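Participant: Structure incoming, see below.
Each value in this text was obtained by applying a stated rule to the coordinates, not by laboratory testing. Every value quoted in this text rests on a predicted model; they were computed, and no experiment measured them. No Cβ is skipped: glycine too gets one built from the backbone with ideal geometry, and neighbour counts run over all protein chains shown.
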């Protein structure tokens, strides 16, 4: 039963990792957009960094859950 729970947690963290990765890429594109104003680009760059941190955090959690299976 515990391995099923850990498997479900690993899948959940993988989904969250993918979502953070997608958000990070979208924010990177906004940050690179020369047509956007400076404050928008700076905000998108900051958000991309936060998404990268979240992506790494979810990857680590997913791996930890996989190890417990």
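Participant: So which residues in region 19-50 are under 17 Å from the mean Cα position of the chain (by Cα), surrounded by fewer than 14 Cβ atoms within 10 Å (Cβ to Cβ) and farther than 28 Å from residue 63 by Cα, if there are any at all?
Facilitator: Scanning region 19-50 gives a single hit, 29.
Participant: Evaluate the following for residue 16: is it in contact (Cβ under 8 Å) with a residue 40 or more places away in the chain and either under 10 Å from the mean Cα position of the chain (by Cα) or assigned to a loop (DSSP other than H, G, I, E, B) (or both)?
Facilitator: In short, yes.
Participant: May I ask you to list the residues in region 33-69 that are outside any helix (DSSP H, G or I) and in contact (Cβ under 8 Å) with a residue 60 or more places away in the chain?
Facilitator: 68, 69
Participant: With the checklist (1) farther than 30 Å from residue 1 by Cα; (2) surrounded by 16 or more Cβ atoms within 10 Å (Cβ to Cβ) in hand, flag the one item residue 14 doesn't pass.
Facilitator: Tallying (1) farther than 30 Å from residue 1 by Cα; (2) surrounded by 16 or more Cβ atoms within 10 Å (Cβ to Cβ), residue 14 fails exactly one: (1).
Participant: Please count how many residues of region 1-59 are in contact with a helix residue (DSSP H, G or I) (Cβ under 9 Å, 6 or more places away or on another chain) and over 30 Å from residue 69 (Cα atoms).
Facilitator: So the count comes out to 21.
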